[in-house]
Amino acid sequence: MKLTFSEALERINEERSVDSSEIQSRALTQFLWVAEWHIPGCMSESRAYCLTKRDAIESACDMANTGPDGESPRGMRTALRKTGRFDSDSPLYGRVINTVERVQLRDLF
């Protein structure tokens, strides 16, 4: 029995091994949102897989909590909502990039 979209996404979020051949073909065509945080020129430092753009934006903001009260940088939510990208400066890492992107499940393999 092949995995449904929900089952495949659960495995991916749990960082368990999954191959596209183990997933139902119609599940591979379904869309999800990927939130990422990375340093320019480097692979993703943090990544979250979400069902909605709103959840992906919240995840990206959580990754960037840099303010004194753990808040995300000013203008981040708006930039992610409008363009899917927010560049900022981190006190620890220098320039960092947060993105949200809509992809099909098959794009992850």
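Just so it is clear, none of the values below were taken in a lab; they were calculated from the coordinates. A quick note: this is a predicted structure, and the numbers were derived from the prediction, not measured. FYI the Cβ positions are ideal-geometry reconstructions off the backbone, even for glycines, and counts take in every protein chain you see.
Looking at Leu28, Leu32, Leu51, which one is of a type in the set (A, V, I, L, M), touching a Ser or Thr at 6+ places or on another chain (Cβ under 8 Å) and within 16 Å of Leu9 (Cβ to Cβ)?
Leu28
Looking only at the stretch 1-27, which residues are aliphatic (A, V, I, L, M) and farther than 18 Å from Leu51 by Cβ? I'd like the intermediate steps shown before the answer.
Of all residues in the stretch 1-27, those aliphatic (A, V, I, L, M) come to 1, 3, 8-9, 12, 18, 23, 27.
Correct list: Met1 only.
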